[in-house]
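Scroll down for the structure; my scribbles are underneath it.
The values are calculated or read from the model by the stated rules, or taken from the named source; none is laboratory data. Note that this is a predicted model, so its numbers are computed, not measured. Glycine gets a Cβ as well: all are built from the backbone with ideal geometry, and neighbour counts include every protein chain shown.
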Amino acid sequence: MNIELMMLGGAGEIGANSCYVNIDGHGVLIDSGLHPRRRDREALPQLELLGERPVHTFVLTHAHTDHLGGLPYIMKSLPHARMIATRPTRDLIEIMLRNTIKLFKLDDVSKLPAGALDFYVPAMLDKFPVVFEGTLYNEPLKLQHKTSTYNGASGRSASAEDITLTFHDAGHIIGSAGVMFEAGGAAIMHTGDVKFSPQALLTGASLPRHHLDCLIIECTNGAEDKPHTYGEEKERLADFINRIIGQDGSVLLPTFALGKTQEVLKIVSELMNAGKIPKLPIFTGGMSKRISKIYDRYAHTVPRVESGFQLTSIPLTYIKYETMMNGKFFNQPSIVIISSGMLNEGSPSYRLAQRWLGIRNFGIGVMGYQDPSTPGYALLQSERDVEFTMANKPTTRACELERFRFSAHARRDELLDYIFATKPKHIFLVHGDPAATASMSATIQANFPEMNVIIPGLGESYRLEL
Ligand SMILES: [Zn+2]
Ligand SMILES: [Zn+2]
């Protein structure tokens, strides 16, 4: 098998993730992300880097915006590609893109390519799930070759063999998948975003562990030597909530709407059921409600720690954006779990935090990675009662603050364990900052000097014979 690989986004960073793989003439594009911050040409996958290379199939690994936010742009540019995702991912497309359209209304998009946003309109939202084939885990699909070498009556290339594509549970969020391509006895795996150990709701990934010829693997936590365990973080969260409630305050937990909110809801409800924290009113946002329904839809078909567990069984109150500044949580000890996770300006968590910051007996628990450009990052650096700048505005924090790490990405040792189990001939390190990919590369080469380890650059072509 001959392959060519090219990154169209997300090389050396977690950006507009998109990876092109050509397998014996069959072009596959994996993911089409939107960069979390940039709104220039690098905000979307750089399709023009492909030149004349064909794209026959588009594969979506999961529904986070850094993998899916460029989808309308791909649909406009590649209208004939076959589009495939797992069923939960397909169900999430419309909810996530509705939010992306909202984001673009707030941003300056003048530096994006001309016409790139033509399909980012509400009228298109119903169409995206329709054009996607929805598949289940572990069900191989055939991708037909479309090679041009004509071979008499069969119309097929003399050497053409079918390529098989299989989605495997990646354990990261509902529907997330690692995708495996097999042809001519060779195997290529793209992990997407992956979490090997269980979270509160989802069980860990179940990716095949046999030998791989080529592995493309995410490295988000590739530089992190001291992993935080779920158990320890859960205890710390219980202590924090008890401390704030003990002083008659409310707790604000800013979280990503997709994935983290559902996991944190489960953690908080487990703490309440175990008597580790009091039974308090829980508040969350409307977008999370729609996403939680999709989690529940697949309660019996996507593996989870507590089989069949329904998020809708947790007693919740949903907050409306328009009325949230008069919420009951300002007057009675409560837990508010709401997006955005990085307190992006204008988001519900950002607006609530403005009020929270001024109330001494309240607490904010920042739940995960904070990009240095975000208000969440500025908040994390702040000292109590010392003025700091958040979203370009001077402010002072009177409330309490704590940071928690419930990562939905594999730990460094788990990534290395998977690599050592599958012993790929060629390995591409993606979806990580330079420190993460460099640290992973050094450890792999020290243990397996014969492995071809590549940290791919944007738009660079890598040709391999497998
Ligand atoms: Zn993700
Ligand atoms: Zn990602």
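Inclusion of G376 among residues that are at pLDDT 95 or above and surrounded by 22 or more Cβ atoms within 10 Å (Cβ to Cβ) is warranted.
This table checks each residue for (1) more than 19 Å from I427 (Cβ to Cβ); (2) among the β-branched types (V, I, T).
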| residue | (1), (2) |
| --- | --- |
| I174 | yes, yes |
| A186 | no, no |
| M189 | no, no |
| N221 | no, no |
| P227 | yes, no |
| Y230 | yes, no |
| E233 | yes, no |
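Taking (1) at pLDDT 95 or above; (2) part of a loop (DSSP other than H, G, I, E, B); (3) within 24 Å of H431 (Cβ to Cβ) in turn, R360 satisfies each apart from (3).
Residues in the range 4-19 that are over 15 Å from G51 (Cα atoms) and away from ligand 2 (no atom under 13 Å from the Cβ): A11, G12. Output yes when any residue across the range 419-427 is assigned to a strand (DSSP E or B), without any contact (Cβ under 8 Å) to a residue 12 or more places away in the chain and away from ligand 1 (no atom under 16 Å from the Cβ), and no when none is. No - not one qualifying residue is present in the range 419-427. In the range 59-73, the residues that are assigned by TED's automatic domain parsing to the domain that holds L34 reach residues that are near ligand 1 (Cβ under 8 Å from one of its atoms) and among the hydrophobic types (A, V, I, L, M, F, W, C) with C-beta atoms within less than 6 angstrom, at least six apart or across chains, in these pairs: H62/I173.
For every residue, the table says whether it meets (1) among the small types (G, A, S); (2) in a helix (DSSP H, G or I); (3) not assigned by TED's automatic domain parsing to the domain that holds G204.
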{"residue": "L237", "(1), (2), (3)": "no, yes, yes"}
{"residue": "I241", "(1), (2), (3)": "no, yes, yes"}
{"residue": "I244", "(1), (2), (3)": "no, yes, yes"}
{"residue": "D248", "(1), (2), (3)": "no, no, yes"}
{"residue": "L253", "(1), (2), (3)": "no, no, yes"}
{"residue": "A257", "(1), (2), (3)": "yes, no, yes"}
{"residue": "E263", "(1), (2), (3)": "no, yes, yes"}
{"residue": "S269", "(1), (2), (3)": "yes, yes, yes"}
{"residue": "K276", "(1), (2), (3)": "no, no, yes"}
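Restricted to the range 181-200, and to residues there that are within 15 Å of ligand 1 (Cβ to nearest atom) and not in a strand (DSSP E or B), the residue that is farthest from G259 (Cα to Cα) is T191. Scanning the range 36-71 for residues that are out of contact with any Phe, Trp or Tyr (no Cβ under 8 Å at 6 or more places or on another chain), aliphatic (A, V, I, L, M) and within 16 Å of ligand 1 (Cβ to nearest atom) gives V59, A63, L68. When K293, K260 are screened for being touching a residue at least 12 places away in the same chain (Cβ under 8 Å) and surrounded by fewer than 17 Cβ atoms within 10 Å (Cβ to Cβ), only K293 passes. Test G457 against the stated conditions and say whether it is at pLDDT below 95 and small (G, A, S). Criteria not met by G457.
Yes/no matrix, rows are residues, columns are (1) of a type in the set (F, W, Y); (2) touching a strand residue (DSSP E or B) at 6+ places or on another chain (Cβ under 8 Å); (3) loosely packed, with under 11 Cβ neighbours inside 10 Å:
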position	(1), (2), (3)
A299	no, no, no
P303	no, yes, no
F309	yes, no, no
I314	no, yes, no
I319	no, yes, no
M324	no, no, no
G327	no, yes, no
F330	yes, no, no
I338	no, yes, no
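For the range 2-35, taking the residues that are surrounded by fewer than 20 Cβ atoms within 10 Å (Cβ to Cβ) and part of a loop (DSSP other than H, G, I, E, B), the one that is nearest to ligand 1 (Cβ to nearest atom) is identified as G12. Residues being in contact with a Gly (Cβ under 7 Å, 6 or more places away or on another chain) and in a loop (DSSP other than H, G, I, E, B) are represented in the range 279-301 by at least one member. For the residues H211, H172, H168, H228, the requirement of being in a loop (DSSP other than H, G, I, E, B), away from ligand 1 (no atom under 14 Å from the Cβ) and at pLDDT 95 or above singles out H211.
Yes/no matrix, rows are residues, columns are (1) within 21 Å of L212 (Cβ to Cβ); (2) surrounded by 20 or more Cβ atoms within 10 Å (Cβ to Cβ); (3) assigned by TED's automatic domain parsing to the domain that holds V194; (4) away from ligand 2 (no atom under 16 Å from the Cβ):
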| residue | (1), (2), (3), (4) |
| --- | --- |
| F420 | yes, no, yes, yes |
| V430 | yes, yes, yes, no |
| D433 | no, no, yes, no |
| G457 | no, no, yes, yes |
